[in-house]
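Inspection log for the structure reproduced underneath, given as structure tokens.
The values are calculated or read from the model by the stated rules, or taken from the named source; none is laboratory data. Bear in mind the structure is a predicted one, so any value in this text is a computation, not a measurement. Because the Cβ atoms are built from the backbone with ideal geometry, glycine has one as well, and the counts that use them run over all protein chains shown.
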Amino acid sequence: MRPFSVFPHPIHEGVVPTYVGTALSQKVKIMQFEAAVFVEPKQPLEIETVKLARLGPYDVLVRMEAAGLCHTDWEAQQGSLPVPAPMILGHEGAGIVEDIGAEVTQVRPGQKVVCTIHPACGQCYYCRRGQPMLCEPMLSSHHNGTLLDGNTRLEWGGKPLHQFMNVGSFGEYAVVPERGAVPIPEAVPSDRACILACAVITGVGAVTRVAKVEYGARVAIVGCGPVGLNVVQGAAQVGAETIIAVDTAAERLAFAEKLGATHVVNAAECDAAKQVRRLTGGRGADYVFEAAGSEVGFQSALDAARPGGTVVLLGKVDAQRKVSLRFGSLMGEKHIIRSSLGGSCAHDDYPAYAQSYLSGKLELDAFITARMPLQEINRGMDRLARGEMIRGVVIYTR
């Protein structure tokens, strides 16, 4: 990947550039729009009219067409993922570039884009060491609910309004950093495109970028939600010989088979790890991906991996919660990796996944099990929490 910069001058360690706001161009006539605002934990999101106050020189204004409902958004709403309030949640988003800042060169108005939560700066300590997923300005902006420069662009009731993970897709518009808007082919419908931003890139990327699963490998997936199901199709795409899907829901296991699972294991009916070992000749899987987000899932994944195998932990629990694991399951020279967002490089991966979808090699259509207007987002979040959807999507119509 070629070097890049989102700022006009180098970022020295520990220094974030000063923000200089600019007026919106004459093209943008709508200064106010509707958004679902997070006000306090465990309360419904409030549909409110918010204001776009300014557009910075390296900002991109995206007119949202679709936004996916992800479990991470629900965690923020519940308070288990602390975020500043008020805030527009949502981090899976696709739409059309409405306007750009004066210094933006990588996108143009009218382009279809998918937003990414990881617009790495390219110059901080971690970016210079080839770990853009740990970009310091980016992670700081996630924590503070701002863009990379530490400032907000939106207002609500005359006060600053934060946005979730550099996106905030639960609104009719979003302001994202230049590197946060990735062009994709116009032919990909936005309701499918938006799920590339998390569910797809986390699952498929875990296979191709994190674990680097090779042809003929034996793979097990513990948890067949949106991420786990994308691990299944990622494993099928690289030619894994054995793909074992583990879950407690029969309908998700059936979906996993359609995506390429060679075997399914209902963990509610048996010892899942023991069954995985049986299906892999007694040794265990070469690669095990945990996508259930539970202590039971973590333990099952470790138990299902062969000695010398690789375990990739994709699921998560409350960051402050302690988990207990059987120490013996850590033995055997196993490689244990925690991965977020599949080690993604959005500017390479989104267009590649979009082309795979258009060529029929990547399934997106069947993942969307509910579509809803913004006004029904709270009902959608409730259904998400109950596990009633694989992926719900907010559709913006004007």
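Within the option set I243, I201, I195, being crowded, with 24+ Cβ neighbours inside 10 Å and over 18 Å from the mean Cα position of the chain (by Cα) holds for one residue only, I243. In region 246-263, the count of residues that are β-branched (V, I, T) and either in contact with an Asp or Glu (Cβ under 8 Å, 6 or more places away or on another chain) or under 28 Å from S359 (Cβ atoms) (or both) is one or more.
Looking at K274 and the list (1) assigned to a loop (DSSP other than H, G, I, E, B); (2) surrounded by fewer than 21 Cβ atoms within 10 Å (Cβ to Cβ), which single condition is not satisfied? Every condition holds for K274 apart from (1). Being among the hydroxyl-bearing types (S, T, Y) and either without any contact (Cβ under 8 Å) to a residue 24 or more places away in the chain or buried (at least 22 other Cβ atoms within 10 Å of the Cβ) (or both) is a condition met by no residue of region 213-225. In region 133-201, counting only strands (runs of 3 or more DSSP E) that sit wholly within it, the ones holding 2 or more residues that are in contact with an Asp or Glu (Cβ under 9 Å, 6 or more places away or on another chain) and either among the basic types (K, R) or at pLDDT 95 or above (or both) span 173-177. Considering region 51-99, the residues that are out of contact with any strand residue (DSSP E or B) (no Cβ under 8 Å at 6 or more places or on another chain) and hydroxyl-bearing (S, T, Y) include one that is nearest to P119 (Cα to Cα), namely T72. Being buried (at least 24 other Cβ atoms within 10 Å of the Cβ), outside the structural domain of L81 (by TED's automatic domain parsing), in a helix (DSSP H, G or I) and touching a residue at least 24 places away in the same chain (Cβ under 8 Å): is that true of V210 here? When the stated conditions are applied, V210 does not pass them.
Only a single criterion out of (1) within 12 Å of I336 (Cα to Cα); (2) touching a strand residue (DSSP E or B) at 6+ places or on another chain (Cβ under 6 Å); (3) surrounded by fewer than 22 Cβ atoms within 10 Å (Cβ to Cβ) is not satisfied by Y287, namely (3).
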